[in-house]
1. How far apart, in nm, are the 7 Å Cα→Cβ label points at residue 17 and residue 30?
2. On a full-extension model of 0.36 nm per residue, what is the gain between residue 51 and residue 66, subtracting their alpha-carbon distance, rounded to one decimal in nm?
3. Could you work out, for region 6-68, what percent of all Cα-Cα pairs fall into each 10 Å distance bin, beginning at 0 Å and stopping at the bin that holds the largest distance?
């Protein structure tokens, strides 16, 4: 998701999970994207990637996870 878009993830996944990654501040005047998940043996991950995170999928994945852990991501 681009910066400035509010995201709401909800739903049910049996033998799986629904997760939202990223740190969007959320603004009242921003558009809202609602993601509803229904799954069996399924995983749904929604990623909010800051503009300053660049690279391939692996780089983005590691940077967002590091931010969730409170670490400062490495600069490429």
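Bear in mind these aren't lab numbers, they're just calculated from the coordinates by the rules spelled out. Not measured: the values here are computed from a predicted model. Using ideal geometry, Cβ is built from the backbone for each residue, glycine included, and neighbour counts are taken over all protein chains shown.
1. 2.3 nm
2. Numbers: separation 15, 0.36 × 15 = 5.40 nm, distance 1.54 nm.
So the chain would gain 3.9 nm between residue 51 and residue 66.
3. For region 6-68, the pair-distance distribution reads 20, 42, 34, 4.
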